[in-house]
Each structure stands twice: as structure tokens, then as C-alpha cells.
Amino acid sequence: MKRYAAYKTRSAPASRIIGAVAVALAVTAYLSKRFGFVDADVFALSLAGAGIAALLAVGLALIAFQRIWAHGGPGLPSALTGMFLATIALVAPGIILGMLVLQAGPDDLSTNRIDPPDMKIQALSEEQPFLGWFNTSLETHLWPAITQVTGSVPETSGGSRQYPDIVPRRYRIPPAQLHAAGAKAVDTLGWIVVDELPPDLLDAPTRLQAVGTSRLLGLKHDVSLRIRPDPLGALLDVRARSQTPLKDLTGNADNIRLVFAEIDKVLLETYGDLARLSVDEGELEDEPEIVPLQEPRDTIPLPGFKPYFEEEEALEVDDFGLTDLEG
């Protein structure tokens, strides 16, 4: 009996190899970014390369399935392995792309939009041209299309979204004590202090700036605390700014909320009663206005008694008709 050579497709083993390369590239890019070996631009480009390789592996696997169905022969396990590896490699780029597109949040957010706290360290967004171009493309092309379809405006800036809880906070303690609570809160969060204006007096204004790292991707963000004296005690403003256009599971609003929560925890442990320390904005509206007791005078009032000067000679005892007993 004559035997015919079995048909072998080359796309099945190629799909398996390219899928393995895509997984290795995605895992290497993630670990390198998480531990700070590469910047955000290299990380994004590496993930883009891993995604392209994974899509190529998927295409080769589909071609292998079609040829095996039409001609028979081995290669099905290799094609299935390539499809599986490509699916794993597409997870990381899909998550990053989804957070960039769907989790659009402000890169710079402050409790005081008009006069935010100062930051000495500049953000690194301008040093990442690929991500800057990608964000610009999203704002120019993708988000307007989403707006036309859904009717909702993507919240991409600090002013376009209202955060009712991201407001300045007042405390009935001196600024120096609030600064100590803020420094302890930053240390508890594991953030690194890069700039500080410590209090030299109990009611002097202070400043504190720290750099934090996100847990998933290891992205850097700046957080600045500004404490100023207030008629009720101390006024706290917090500003959070991302150093990269990449998004993580938590944004700048969550970082500010985290600072507030940690400061409240420190004050609760220190004073025991947080209700008597924190001040709501509504309480300030009910306070009576301080009115002076008297109207200002146009002229200086004259004294009602004769001033005494040392140049005048003191009265002698004999002037009153008395006798000096000692003499």
C-alpha cells in the first residue's frame, strides 16, 4: 500500500514560538517597570511590542487551525499552545490600555484649585514623548468619539470633575502639631520626603512634599502638604500629581483621600477625639462676625487727669500745716 506524506503546517509551531516570546516580553517589561529598571516610555513600548507579537501568534494559530481542518496532519497541540500563550501575553497590554482609556483622571489635583500648594520637583511627563503623544491622541480622537456615543464627557482634568470630598480641611490644633501628624502619616504610608519646611514656631506655616509609589505598576507620584495658620487653628491643603501619564488602579484623588485618612488616624491615636479637632466648612458660615466694641475716633481723647511729671517738686509736709514727727 502506498503511503502519502502527512501534511505539516508551519504556522502552528511558529504560533507557539511567537506566543512564548510575547509572554516573556510582557513579563520582563512588567517586572522591569515594577522595580524601577525602565521608565514609563520603555515600559509602554515593550508592552506594545508584546501585544503585537501576541496578535501575530493568534493569527498564525488561526491559520494553523484552518489548514489542519482542510488538510489534516499534526500541529494542533502547537497551535493551541500558541493561542494560549498569546492570550496570556495580551492581558497586560489590555489592562494598561484599558486604564489609559477608561480610567481618565486628572494628572494634577489639589484641594485648592485656585492656589495649589507648590511643588519643587517637576513631573516627568514631558520626558516621556511616546506616552505624551498617546495621551494627546486620546484627547483629540478617542474621547470626543466616546462623548458622541455615550453623551458623557471624559473627566481628564482636575477642573472638569467635581470631587466633593477633595477640599481644604481645618483643624483646631496649631500648625506645628498638624505638621507633625502629616509627617507621621507620610512615613506610615511609606512615602519618601523630598522637601520639607519644618515649623520654627507653633503657629508658623509649614510645607511637606513626598514621593510615593503605586503598588501595581510602581508608578511615581508627588504629594505636597501645605499647612497655614487659621483663625480656628490650622488649614491643610493637599496636592497630588502623577509623574507619568500612565494610570494605575489608584489615582490622585485616592492619594489625597489616603493622606486625609492617615492624618485622621494619627490624630485619633494622639488626641482620642477627632470630632473636636476637625472643622467642617458649614461651621464657618454660622460663626458671628467680629464687630469692634467702639467706632474709630477721628480725634485723640484728652486725659481726664493731670499727668504727673518727676520734674515737679514734691510737696513738703509743712505745706499742709502738719508737724514732722520724726524731726
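Below, the figures for the structure above:
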item: Residues that are open to solvent by less than 60 Å² (accessible area, probe 1.4 Å) and under 18 Å from the mean Cα position of the chain (by Cα), drawn from the range 166-186; result: ILE166, VAL167, PRO168, GLY182, ALA183, ALA185, VAL186
item: Tally of residues being open to solvent by less than 20 Å² (accessible area, probe 1.4 Å) and polar (S, T, N, Q) across the range 187-242; result: 4
item: Pairs with Cβ under 6 Å, 6+ apart, first in the range 239-265 and among the polar types (S, T, N, Q), second open to solvent by 50 Å² or more (accessible area, probe 1.4 Å) and in a helix (DSSP H, G or I); result: none
item: Residue in the range 7-15 that is open to solvent by 90 Å² or more (accessible area, probe 1.4 Å) and under 29 Å from the mean Cα position of the chain (by Cα) present; result: no
item: Among (1) surrounded by 15 or more Cβ atoms within 10 Å (Cβ to Cβ); (2) part of a helix (DSSP H, G or I); (3) free of Cβ contacts under 8 Å to residues at least 40 places away in the same chain; (4) not aromatic (Phe, Trp, Tyr), the one test that LEU31 misses; result: (1)
item: Any hit, the range 55-62, residues being in contact with a Phe, Trp or Tyr (Cβ under 6 Å, 6 or more places away or on another chain) and either in a helix (DSSP H, G or I) or open to solvent by 40 Å² or more (accessible area, probe 1.4 Å) (or both); result: no
item: Failed item in (1) open to solvent by less than 80 Å² (accessible area, probe 1.4 Å); (2) in a helix (DSSP H, G or I); (3) within 21 Å of LEU246 (Cα to Cα), with ALA24 passing the rest; result: (3)
item: Condition met for ALA70 (at pLDDT 80 or above, crowded, with 20+ Cβ neighbours inside 10 Å and part of a helix (DSSP H, G or I)); result: no
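The values are calculated or read from the model by the stated rules, or taken from the named source; none is laboratory data. It should be emphasised that the depicted structure is a prediction, and the values quoted were computed from it without experimental measurement. Every residue, glycine as well, gets a Cβ built from its backbone with ideal geometry; the counts of neighbours run over all protein chains shown. Just the protein is used for accessible areas: all its heavy atoms, side chains included, with ligands, DNA and RNA removed. Shrake-Rupley method; radii C 1.70, N 1.55, O 1.52, S 1.80 Å.
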